[in-house]
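The values are calculated or read from the model by the stated rules, or taken from the named source; none is laboratory data. All values reported here derive from a predicted model rather than from experimental measurement. Here Cβ is always computed from backbone atoms with ideal geometry, including for glycine, and neighbour counts include all displayed protein chains. Side chains included, ligands, DNA and RNA excluded: accessible areas come from the protein's heavy atoms. Shrake-Rupley method; radii C 1.70, N 1.55, O 1.52, S 1.80 Å.
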Amino acid sequence: MHTIHDSNLTIAGHVVSGLHYINGTRVASSESFEVFSPIDQRVLGSVALGLPEHVDAAISAAKNAFPAWSALSPKARQAILHRFGDEIAARADAFCALESNDAGVLLSRMKHGVVPRAKLNITYFADHALTLHDRARRNIETEQATHIVKHDAAGVVVIITPWNAPLMLTTWKLGPALAAGNTVIVKPPEWAPLTCSLLADAAQAAGLPAGVLNIVQGTGAVTGAALVADARIARISFTGSVPTAKWIAGAAAAHLVPCSLELGGKSPFIVLADADMDAAAATAALMYRNAGQVCLAGTRLLVHRSVKDAFVRAMRAYVQNLTIGDPREDATEVGPIIHPRQVERVKGFVERAVAAGATVLWGGKPHSFGAQYFEPTLLTDVAQNSEIVQSEVFGPVLTLQTFDTDEQLIDMANDVDYGLGGVCYGEVAHATAIAERVNTGFIWINSFGIRDLAAPFGGCKRSGIGREGGDWSFEFFCDVKDVIVPKKPFKASFSHR
Ligand code: NAD
């Protein structure tokens, strides 16, 4: 750690601040940390490390900004948040360059998927807040009284996100939190903090009042821990790993702060005997997207024994044609793994699986393109209770198991601690019947990745607590209040029930 010298980083010609953003201004720190690119391990620059004094300043700023921001009408917030969305779009090239260099996300995916979605994450929830306003006015009429049900902003919200999709996941939380009238402190991931910093520029240009959005960069152990321990916060919205979630839930318990936890996955990718083999294989190859660093990927291929050979043959053809390389190139389909430590972790999982008897159908080792690239890998001959079947690898490593009956399939699909997503390929009625028995937060039939901001997103079991999306996001970021107005004059009485 050292003092930050140059407050700006320049990446592919785009300038981004390395400082915190607190109370509408950039704030330096006496300590900083370096940011590396997963593409080639070059140092991109240093960014300020959030110390307890920055956490305190950010929470104070958010607390001070809360009364005025929450008192604005949803319509007034909508106007500002739409400008925020426009300012995100106006910086599209910079967001693409930063996240591609910083997190290794495909530039093409940033351009066509993530940046438009980041804008929508803000504007959709700003619009949705207008119906929240309607709901707040929705009365429950009884003989005795009118119950006016209101959704009040909860207060100061802490948002903590991981490195695999920082812009998408941060805006997905930020949109509803701000639209509901909360003020926010974002703690970006330390391995990929730069797009969150640029969000502050967009917010400032849009005229978001000082203190409504604060960004404090830093590590989980120092900055994140100080944020979630503070008694002044009203909500914690976290996406990340199970061990961190347990730690955060423990810290939140000290002040009984509600947490939304979006965690890891080990989702089944089911191929029934009546599936379209080619379509299933093409989609299965997509599980290597973002080098497998995708929480909702279907990483356990569960294939009917009768079609195993046909499926493997079809999938191999797709995997052989994947272009692995620099995420900034248009043709690239699979980019790097975020950090050398993560590469070692992925390697370790594969080595231990092979030592335990797994057969490598393809891949299994680092890719020749560079130190942080790993071959798309498929392992079979794996036991249901083995580490490779039970643990989230978060890399380009899938397992393949076969089943003979639907009962066997359901047992295998549900016999893991996780329950985030799933994919089921097969004749629609059959696949849907199977989907109903899989214990998971969502499951795609003959498809993958179709999402809608109005639909619930989240996991069962160790994959999380709570749901995000549409009304579910607002339920979390609001306190529901019942204002009871009697219809007849109220006469106080001790015998009154
Ligand atoms: P992580 O849990 O290590 O870190 C996530 C965030 O938590 C980071 O910003 C980190 O700094 C912070 N953090 C760490 N310790 C903390 C502490 N003590 N107090 C407060 N904050 C702390 O996760 P990661 O390695 O960055 O991300 C990968 C994980 O995220 C995987 O398990 C993946 O499945 C999960 N993920 C889930 C979803 C989802 O929507 N369910 C989406 C993407 C990623």
Task: Surface accessible to a 1.4 Å probe, per residue, for the residues of the chain, Å² - done: 39
Task: Paired Rg and Dmax values of the stretch 268-445, which use every Cα atom, in angstrom - done: 15.5, 45
Task: Set of lysines near K266 by C-alpha distance (under 30 Å), chain-local residues within fewer than 8 positions excluded - done: K111, K119, K173, K187, K246, K308, K347, K365, K461
Task: Calculated P(r) tail over 24 Å for the stretch 121-245, as whole % of Cα pairs - done: 33
Task: Integer Hz, Karplus 6.51/-1.76/1.60 couplings in order for the stretch 239-251, x for Gly and Pro - done: 10, x, 8, 5, x, 5, 4, 5, 5, 5, 4, x, 5
- [ ] Could you check the simple spin-label distance between K75 and A221, using points 7 Å along Cα→Cβ, in nm with one decimal?
- [x] 5.2
Open item on the list: Using only the alpha-carbon atoms, what does the chain span along each of its principal axes? Please give whole angstrom values in decreasing order.
Closed with: 76, 64, 38
TODO: Express the C-alpha Rg of the stretch 398-489 as a ratio against the empirical globular expectation 2.2 N^0.38 Å, rounded to two decimals.
DONE: 1.53
Open item on the list: Projecting each Cα onto the charge dipole of the chain (Lys/Arg +1, Asp/Glu -1 at the beta carbon, about the Cα centre), which of L106, L178, A153 comes out farthest on the positive side?
Closed with: A153
Open item on the list: Using amide H atoms built in the peptide plane, which far-off residues or other-chain residues are under 5 Å from V303 H to H?
Closed with: V271, Q401, T402, F403
Task: Length gained when the stretch Q408-S447 is fully extended (0.36 nm per residue, less Cα-Cα span) - done: 11.8 nm
Open item on the list: Explain nothing, just the number: dipole magnitude of the stretch 268-445 about its Cα centre with +1 on each Lys and Arg Cβ and -1 on each Asp and Glu Cβ, in debye rounded to the nearest 20.
Closed with: 540
Task: Percent carbon-and-sulfur accessible area, the stretch 1-157, ignoring ligands, DNA and RNA, probe 1.4 Å - done: 54
Task: Stokes-Einstein diffusion coefficient of the stretch 189-241, Kirkwood radius over Cα pairs, 4 °C, 1.567 mPa s, in µm²/s - done: 102
Task: With Cα atoms, 0 to 90° folded angle of helix 166-179 axis to the chain main axis - done: 30
Task: Additional length obtainable on full extension of the chain from A331 to A317, 0.36 nm per residue less Cα span - done: 3.3 nm
Task: Taking N as its residue count, the alpha carbon Rg of the stretch 35-182 over 2.2 N^0.38 Å - done: 1.29
